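S.K.: First the structure, which I've put down as structure tokens, then a few questions once you've had a look.
The values are calculated or read from the model by the stated rules, or taken from the named source; none is laboratory data. Keep in mind the model is a prediction, meaning the values are calculated, not measured. Positions of Cβ are generated from backbone atoms using ideal geometry, with glycine treated the same way; all protein chains shown enter the neighbour counts.
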Amino acid sequence: MMLILKAQPEMAAAVSGSPHPQEFIAMTTGGKKYFVSMACGALALALALVAPGVQAQPLDTRSAAPATAALERLPSFADLVEKVSPAVVSIRVAEERAVRAPAGTPDLPFPPGSPFERFFRDLQPQDPGGAPRGRQATALGSGFIISADGYIVTNNHVVGDGKDITVVRDDGTEIPAKLVGRDPKTDLALVKIESKADLPYVAFGNSDTVRVGDWVLAVGNPFGLGGTVTTGIVSARGREIGAGPYDDFIQIDASINRGNSGGPTFDVRGNVIGVNTAIFSPSGGSVGIGFAIPSSIASRVIADLKESGRVTRGWLGVTIQQVDPEMASSLALDKPQGALVAQVAEDSPAKKAGVKIGDVILNVDGKDMEDVRAVSRTVAELKPDTRSKLVVWRDGKRRTLTANIGTFPDTVDVAAVEPGEAPAAAATKSLGLALTQTPDGVVVQSVDPASDAAEKGIRPGDVIVKVSGKDVKKPDDVVAGVEEASKADKSSVLLLLRSEEQQRFVALSLSKS
């Protein structure tokens, strides 16, 4: 941007010699002439309005042409919006909720027939007889039609149990819908409406090719306003937000708000590359951080829901956790990678394949596993009743195992830990733990609040199952394991803990004297 404010006779010649002389205007005031770049046209206009006697004179009548051409080069999404909007719908779900009045709810302060009686009666959570009053609650969300015969994708948290679902099209038409199936693990659902004529629809694209910085378009029903369009770019990929075991969100900065849930994220060709699901917001409104389920995940889930009303996933039968740098060091791994097996279910494919607690799953069917999410997603995508090769890290070596993949069960039974009586305690000062022997094993009796164990989340009642891969039967086994790790000059010792319904590994730092 160039702004010239020196009043010199030779300036006109200098400007006329510019490679873009038509982009300057001349301004005269007090008998002096100023040349201002067209890039500062707004400033010139402001000066003309506030400075008496100032006149703006165009040097060339063609000066507006470059600005117009630049505006024409800016992207317009009007054609794309016109194409996809008819397939985007609003979803309304009505629920009847019983609300019981708190004790001591006063009677209405108005006589029967008072104009205020109905208003205050609606606010009362109980009928006069004391029965809970039903209160109508309405959930609002978005969705998009994926077939001419009326299948619609949305979020599981939008439709819930699927009672009294109404789809509102972009022209205002309201159509009752039925729930076909839903998948809480990915927060996706499929509903269907009936129509005599073919419905406009959109198709899933390939989210695997989407790059950070690509343009995206979000269409939905924020705050119940109906078809609202926002645009932005892909801000990040592979986001984990704690929504479920298969988190792999696309982060976008297109504004999405309450009511956008279940709506589509489009690429510039009008393909659905994501399903808007969540936002990060301290205030409840958009701050430019939204999350969409990638179409690579959504398309597979929706196909299963359409076929059988439920999602069929591959199952290995292990509880796994992330390998952090301390654990990697304890396991003699070069770097944190793969997923550490904390528990193996009885009679599971993993058990039959020979997977053991303490193994690190590094590779599945020739594909390296970077972390826990990669293992979870890869195994879930495997077809049940197929054979899969697993590469695990055990005792400092790679081992190849073959597992017959099972079908993920609706519920997985996990043995709970029964509380036991604690006789004597044995202390392991280097870990900050006091241990006791019980019929269930070695139990943590107390934890030093200033210790690494407390910071890592070890709590009284946790059962120590293994130390450095060796079974623990008494407190002395823990002490021996710690001493062995210290003699081997390790910076940490790996404990396998059992608490309530899960097992997990924790690497505790060893103090050096």
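S.K.: Can you tell me which residue in segment 467-479 is surrounded by the most Cβ atoms within 10 Å (Cβ to Cβ), limited to those that are within 20 Å of residue 329 (Cβ to Cβ) and at pLDDT below 85?
M.R.: Filtering first and then ranking leaves 468.
S.K.: Scan segment 254-275 and give yes if some residue there is out of contact with any Phe, Trp or Tyr (no Cβ under 8 Å at 6 or more places or on another chain), within 17 Å of residue 84 (Cβ to Cβ), surrounded by fewer than 19 Cβ atoms within 10 Å (Cβ to Cβ) and modelled with pLDDT of 75 or more, otherwise no.
M.R.: Among the residues of segment 254-275, at least one is out of contact with any Phe, Trp or Tyr (no Cβ under 8 Å at 6 or more places or on another chain), within 17 Å of residue 84 (Cβ to Cβ), surrounded by fewer than 19 Cβ atoms within 10 Å (Cβ to Cβ) and modelled with pLDDT of 75 or more, which makes the answer yes.
S.K.: Mind listing whichever residues of segment 345-372 are among the acidic types (Asp, Glu) and on the phi > 0 side of the Ramachandran plot?
M.R.: Within segment 345-372, 347, 365 meet the criteria.
S.K.: Suppose we filter 173, 209 for residues that are modelled with pLDDT under 95, under 17 Å from residue 266 (Cα atoms), out of contact with any helix residue (DSSP H, G or I) (no Cβ under 8 Å at 6 or more places or on another chain) and in the same structural domain as residue 86 (by TED's automatic domain parsing); which single one remains?
M.R.: 209
S.K.: List every residue pair whose Cβ atoms sit under 6 Å apart, with the two residues 6 or more apart in sequence or on different chains, where the first one lies in segment 344-357 and is within 16 Å of residue 375 (Cα to Cα) and touching a residue at least 12 places away in the same chain (Cβ under 8 Å) and the second, anywhere, is part of a helix (DSSP H, G or I) and of a type in the set (Lys, Arg).
M.R.: These pairs meet every condition: 344/351.
S.K.: Another question, then. Residues that are within 28 Å of residue 372 (Cα to Cα) and touching a Phe, Trp or Tyr at 6+ places or on another chain (Cβ under 8 Å): which strands (runs of 3 or more DSSP E) entirely in segment 430-513 hold 2 or more of them?
M.R.: Qualifying strands (runs of 3 or more DSSP E): 492-499.
S.K.: Still on this structure, I have one more. Among the candidates 306, 335, single out the residue that is without any contact (Cβ under 8 Å) to a residue 60 or more places away in the chain, over 22 Å from residue 470 (Cβ atoms) and not in a strand (DSSP E or B).
M.R.: Sole residue among the options that is without any contact (Cβ under 8 Å) to a residue 60 or more places away in the chain, over 22 Å from residue 470 (Cβ atoms) and not in a strand (DSSP E or B): 335.
S.K.: Right, next: Checking residue 321 against (1) in contact with a helix residue (DSSP H, G or I) (Cβ under 7 Å, 6 or more places away or on another chain); (2) under 17 Å from residue 469 (Cα atoms); (3) in a loop (DSSP other than H, G, I, E, B): exactly one of these is not met. Which one?
M.R.: With (1) in contact with a helix residue (DSSP H, G or I) (Cβ under 7 Å, 6 or more places away or on another chain); (2) under 17 Å from residue 469 (Cα atoms); (3) in a loop (DSSP other than H, G, I, E, B) applied to residue 321, the lone miss is (3).
S.K.: Return yes or no: is residue 187 modelled with pLDDT under 95 and closer than 23 Å to residue 312 by Cα?
M.R.: The answer is yes for residue 187.
S.K.: Out of 289, 273, 297, which single residue is among the β-branched types (Val, Ile, Thr), under 17 Å from residue 248 (Cα atoms) and touching a Gly at 6+ places or on another chain (Cβ under 9 Å)?
M.R.: None of the other options fit; the residue is 273.
S.K.: Taking strands (runs of 3 or more DSSP E) that do not extend beyond segment 154-256, which have at least 1 residues that are of a type in the set (S, T, N, Q)?
M.R.: Strands (runs of 3 or more DSSP E) meeting the threshold: 165-168, 228-239, 249-252.
S.K.: Does at least one position in segment 193-204 carry a residue that is among the aromatic types (Phe, Trp, Tyr), closer than 17 Å to residue 275 by Cα, buried (at least 21 other Cβ atoms within 10 Å of the Cβ) and modelled with pLDDT of 65 or more?
M.R.: The answer is yes, given that some residue of segment 193-204 is among the aromatic types (Phe, Trp, Tyr), closer than 17 Å to residue 275 by Cα, buried (at least 21 other Cβ atoms within 10 Å of the Cβ) and modelled with pLDDT of 65 or more.
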